[in-house]
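Here the structure comes first, spelled out in structure tokens, and everything after it is commentary.
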Amino acid sequence: MSVRIQDYPGTALREDDIRAGRVLTVAGAARAEYAWDVGVAIGRYLEELRNGRLVGVRCHHCGRVLFPPRAFCEQCFRPTTEWVELKDTGVIQTFAICHIAWDARRIDEPKIPAVIAIDGASRAMGLLHLIGGVDPDRVAVGQRVRAVWRPASERQGAITDIRYFTPVEV
Ligand SMILES: [Zn+2]
């Protein structure tokens, strides 16, 4: 049995609802300011990015090294307390070559988002970042990559402190 959109017409906006202010409309650009507490684990992670380092945490119950770090192991439900410094190298687990931006704009130079398994982190810990400095046709699953960091003076304690990951020649 197929479902047709006509079967679920919804409720149309009525002019008198808009005039009476029962429908929220925003004229011009909306302005919203907010603050977000990142917590202990992500707070240190971001601070170490500013220092040009990647860190994870070890769960003493299952022994896994969690990356990005979190305050507790989601498998054991135990707090994580040991910080582990990781290398800024890894392996491409999967990637895509994108010719359109997030807002559906066509872009001339494709972006290459990838999931990267960082060396020293446990299996199935992937970091989503960009691949760069390489011809898109030469990117492959299993390829070794290293982080290309912004200069220290430009880092802000954000994942964008790494410009992208680029293939390591082996
Ligand atoms: Zn665990």
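Of all residues in region 53-69, those satisfying the criterion of being open to solvent by 70 Å² or more (accessible area, probe 1.4 Å) and either in contact with a Phe, Trp or Tyr (Cβ under 9 Å, 6 or more places away or on another chain) or free of Cβ contacts under 8 Å to residues at least 24 places away in the same chain (or both) are R58, H60, H61. Using the structure shown, decide if I112 is under 18 Å from Y164 (Cβ atoms) and either at pLDDT below 95 or polar (S, T, N, Q) (or both). Considered against the rule, which asks whether it is under 18 Å from Y164 (Cβ atoms) and either at pLDDT below 95 or polar (S, T, N, Q) (or both), I112 comes out as no. May I ask you to verify whether R155 is open to solvent by 60 Å² or more (accessible area, probe 1.4 Å) and not hydrophobic (A, V, I, L, M, F, W, C)? Spelling it out, it is not the case that R155 is open to solvent by 60 Å² or more (accessible area, probe 1.4 Å) and not hydrophobic (A, V, I, L, M, F, W, C). Among all residues of region 23-43, there is at least one that is open to solvent by less than 40 Å² (accessible area, probe 1.4 Å) and either modelled with pLDDT of 95 or more or within 16 Å of the ligand (Cβ to nearest atom) (or both). With respect to E47, is the statement that it is more than 8 Å from the ligand (Cβ to nearest atom), more than 19 Å from the chain's Cα centre (by Cα) and surrounded by fewer than 15 Cβ atoms within 10 Å (Cβ to Cβ) true? Against the criterion (more than 8 Å from the ligand (Cβ to nearest atom), more than 19 Å from the chain's Cα centre (by Cα) and surrounded by fewer than 15 Cβ atoms within 10 Å (Cβ to Cβ)), E47 does not qualify.
Scanning region 120-135 for residues that are surrounded by 15 or more Cβ atoms within 10 Å (Cβ to Cβ) and free of Cβ contacts under 8 Å to residues at least 40 places away in the same chain yields G126, H129, L130, I131, G132, V134.
With respect to A152, determine if the residue is in contact with a Gly (Cβ under 6 Å, 6 or more places away or on another chain), modelled with pLDDT of 95 or more and among the small types (G, A, S). In short, no.
Screening region 76-117 for residues that are open to solvent by 100 Å² or more (accessible area, probe 1.4 Å) and free of Cβ contacts under 8 Å to residues at least 12 places away in the same chain and picking the one that is nearest to the ligand (Cβ to nearest atom) gives F77.
The values are calculated or read from the model by the stated rules, or taken from the named source; none is laboratory data. Being a predicted model, the structure only gives us computed values, none of them experimental. Methodologically, a virtual Cβ is constructed for each residue, glycine included, from the backbone with ideal geometry; neighbour enumeration extends over all protein chains shown. Each accessible area value is taken on the protein alone, full model and side chains, heavy atoms only, with ligands, DNA and RNA left out. Shrake-Rupley method; radii C 1.70, N 1.55, O 1.52, S 1.80 Å.
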